[in-house]
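Undergrad: If you scroll down you'll find the structure; I have some questions about it.
What follows draws every value from the coordinates through simple rules; no lab data is involved. In this text, all values refer to a predicted model and were calculated from it rather than measured experimentally. Cβ placement follows ideal geometry from the backbone for every residue including glycine, while neighbour counts extend to all protein chains displayed.
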Ligand code: GAR
């Protein structure tokens with residue numbers, strides 16, 4: 001059983017939980033988190049740093065526009081371990097407590113995962129373990145599922161695999177195509193990420209095997 005090491009409830013006078021956001025593209029999940037912090041829906045949490053591995057990622061520009069510390073480490077053509085060592089150095093420099101993958105389309109090296117045990121979360125646009133990997137919404141639509149959704153989970157060494165924090169499900173409509181389904185899943189993602197971060201920031205949980213279990217429940 002892994003006990004969480006932090007509880008950043010501001011009511012207890014603890015310092016804010018410092019997020020390091022990793023992204024590769026549009027950044028709508030990052031912006032949803034930033035908006036939740038700005039509007040008080042994520043108390044006790046702050047964004048310490050945004051890192052992109054893609055030079056022209058709109059999410060990186062958005063981070064700069066918001067005045068947040070932002071860094072670019074281009075990953076293309078670089079060995080994974082070497083790239084991630086640079087990313088890790090930057091995260092440490094900014095005293096990041098929790099890494100949030102928000103459309104970060106690159107597998108993390110074992111070294112980076114080990115440096116933040118159960119302190120890396122990812123959002124994936126399917127109900128895992130169904131449809132890991134790329135274009136999950138298109139995979140789900142093509143498979144003909146009737147229920148789709150998104151998953152927020154801790155990150156381990158396998159792709160889209162660690163302990164699940166929460167999932168949000170929607171029905172696939174007769175009128176859906178792959179694009180409209182992806183849009184409706186994205187709407188759920190924005191709600192799910194904030195909810196999951198609130199759950200993690202509370203520190204009131206244990207990870208039992210693959211299970212996120214709220215404290216004082218299920219005993
Ligand atoms: C989101 O749908 C996210 O779930 C997905 O990339 C998109 C990023 O959008 N991530 C993955 O597929 C990870 N396996 P965003 O840049 O607008 O947040």
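Undergrad: Of all residues in segment 129-139 being in contact with a helix residue (DSSP H, G or I) (Cβ under 7 Å, 6 or more places away or on another chain) and over 21 Å from residue 163 (Cβ atoms), which is surrounded by the most Cβ atoms within 10 Å (Cβ to Cβ)?
TA: Within segment 129-139, the match that is surrounded by the most Cβ atoms within 10 Å (Cβ to Cβ) is 137.
Undergrad: Now for a separate question. I'd like the residue in segment 95-128 that is touching a residue at least 12 places away in the same chain (Cβ under 8 Å) and surrounded by fewer than 17 Cβ atoms within 10 Å (Cβ to Cβ) and, out of all such residues, is nearest to the ligand (Cβ to nearest atom). Show your work before the answer.
TA: Of segment 95-128, the ones touching a residue at least 12 places away in the same chain (Cβ under 8 Å) are 95-113, 115-128.
This time we only want the ones that are surrounded by fewer than 17 Cβ atoms within 10 Å (Cβ to Cβ), so: 95, 105-107, 110-111, 117.
Values: 95: 24, 105: 6, 106: 10, 107: 10, 110: 18, 111: 20, 117: 20 Å.
Going through the qualifying residues, I end up with 105.
Undergrad: Same structure again: Of all residues in segment 14-46, which are without any contact (Cβ under 8 Å) to a residue 60 or more places away in the chain and within 14 Å of the ligand (Cβ to nearest atom)?
TA: 31, 34, 35
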